[in-house]
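Trainee: Provided herewith is a single structure, encoded as structure tokens, for subsequent inquiry.
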Amino acid sequence: MYATVHRSTGCLVVDLEPVKHTEFPSIAIGTTQSYKHATKAISKMQSLPGGSMQILCNTVVKEVFDLTGYDRVMAYKFHEDDHGEVIAEITKPGLEPYLGLHYPATYIPQAARVLFMKSKVRIICDCRANSVKTIEAKGLPFDISLSGSTLRAPHSCHLEYMENMNSIASLVMAVVINENREDDDVKPEEPPKGLKSRRLWGLLLCHNESPRYIPFPVRYACEFLAEVFSVHVNNKLLLEKQI
């Protein structure tokens, strides 16, 4: 079993999942190969010419596509009014492109964005699968939150959305950047001054038209890749402010 641990209110939560999943089709890549792929992808991002956000987004989408094997991988950006846009995409042949589509702010509610900030990576192997009931021990002195659990069941409205979009399985990675309120005297190569908080710049979205399971080592490599991508996005935004 893979055991992943995160802190919750008053306790630690441990998620257990089998190394070899028999319920869903799984990606055939080992731990070492996934880390090597992520390292190679990061080197590719670091060698890109500076200044082009589009080239950066196209590159990370292609690398996640190659690593995970999903039918569709997108870079999704939130605008100032909280509506979203697909700004980079790669798909398997025959799929309708979503590139350039705009979605209202209600498409991904604020509550969902908070959860993305907490868990960073979210996987749904099969939106049609039956959820497993949570059994809670009697007499616990507090309520346990599973909001940070990668394996928690998705909300029913999200499952309905996936079904309507013909997306049976998904993997979502948060792109979190620094929220800098003071724009003066900011240098891209230095940590921003007046740092107030962090915000969700966008998401890396993977969709599949059939059930699909991505094992923990590959998800961890994707999370690492998304974090490095977030740093590059943050640096490019700081450079734009300085210019």
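Trainee: What are the radius of gyration and Dmax of region 51-113, computed over its Cα atoms and given in Å?
Mentor: According to the Cα coordinates of region 51-113, Rg and Dmax are 12.6, 34 Å.
Trainee: Calculate the FRET efficiency for Glu209 and Gln33 from the Cβ-Cβ distance with a Förster distance of 30 Å, rounded to the nearest 0.05.
Mentor: 0.75
Trainee: Something else now. Could you work out what % of the accessible surface of the chain is carbon and sulfur, using a 1.4 angstrom probe and leaving DNA, RNA and ligands out of the count?
Mentor: The computed percentage sits at 54.
Trainee: If the only charges are +1 at each Lys and Arg Cβ and -1 at each Asp and Glu Cβ, what is the size of the charge dipole of the chain around the Cα centre, to the nearest 20 debye?
Mentor: In total the dipole reaches around 620 debye.
Trainee: Can you give the helix-only mean residue ellipticity at 222 nm for the chain, where every DSSP H stretch with n ≥ 4 adds -39500 (n - 2.57) and the sum goes over all residues, rounded to the nearest 500 deg cm²/dmol?
Mentor: Calculated mean residue ellipticity at 222 nm is -10500 deg cm²/dmol.
Trainee: So what is the relative contact order of region 15-87, in percent, for Cα pairs below 8 Å that sit 6 or more residues apart?
Mentor: 21 percent
Trainee: Along the charge dipole of region 11-106, which of Leu16, Ile55, Leu99 sits closest to the positive end, that is, farthest toward it, with unit charges on the beta carbon of Lys, Arg, Asp and Glu (+1, +1, -1, -1)?
Mentor: Result: Ile55, furthest along the dipole toward the positive end.
Trainee: What is the spin-label model distance, in nm, from Ser131 to Cys157 if the labels are put 7 Å beyond Cα along the C-beta direction?
Mentor: Reported label-point gap for Ser131 and Cys157 is 1.4 nm.
Trainee: How many nm separate the modelled label positions at Glu96 and Gln54, each set 7 Å beyond the Cα in the direction of the Cβ?
Mentor: Label at Glu96, label at Gln54, 2.5 nm between them.
Trainee: I'd like the GluC sites (Glu not before Pro) in region 36-100 restricted to DSSP loop residues with at most 12 other Cβ atoms within 10 Å, sorted by number.
Mentor: Those that pass, being in a loop and sparsely packed, are Glu80.
Trainee: Could you work out the relative contact order of the chain, using alpha carbon pairs under 8 angstrom and six or more residues apart, expressed as a whole percent?
Mentor: 26 percent
Trainee: Give the accessible surface of the chain per residue, rounded to a whole number of Å², with probe radius 1.4 Å and ligands, DNA and RNA excluded.
Mentor: For the chain, the per-residue accessible area is 56 Å².
Trainee: Another one. Given a Förster radius of 30 Å and the C-beta distance between His79 and Cys11 as r, what FRET efficiency does 1/(1 + (r/R0)^6) yield to the nearest 0.05? Mind showing how you got there, number by number?
Mentor: Numbers: r = 38 Å, r/R0 = 1.25.
Once the sixth-power term is evaluated, E becomes 0.20.
Trainee: May I pose another question? At a Förster distance of 35 Å, what's the computed FRET efficiency of Ser145 paired with Met165, Cβ-Cβ distance as r, to 0.05?
Mentor: On the way: r = 28 Å, r/R0 = 0.80.
Computed FRET efficiency for Ser145 and Met165: 0.80.
The values are calculated or read from the model by the stated rules, or taken from the named source; none is laboratory data. Note that the coordinates shown come from a computational prediction; the quantities given were computed from them, not determined experimentally. Counting neighbours? That spans all protein chains shown, and the Cβs are built from the backbone with ideal geometry, glycine included. When the accessible area is computed, the model is the full protein with side chains, heavy atoms only, and any ligands, DNA or RNA have been set aside. Shrake-Rupley method; radii C 1.70, N 1.55, O 1.52, S 1.80 Å.
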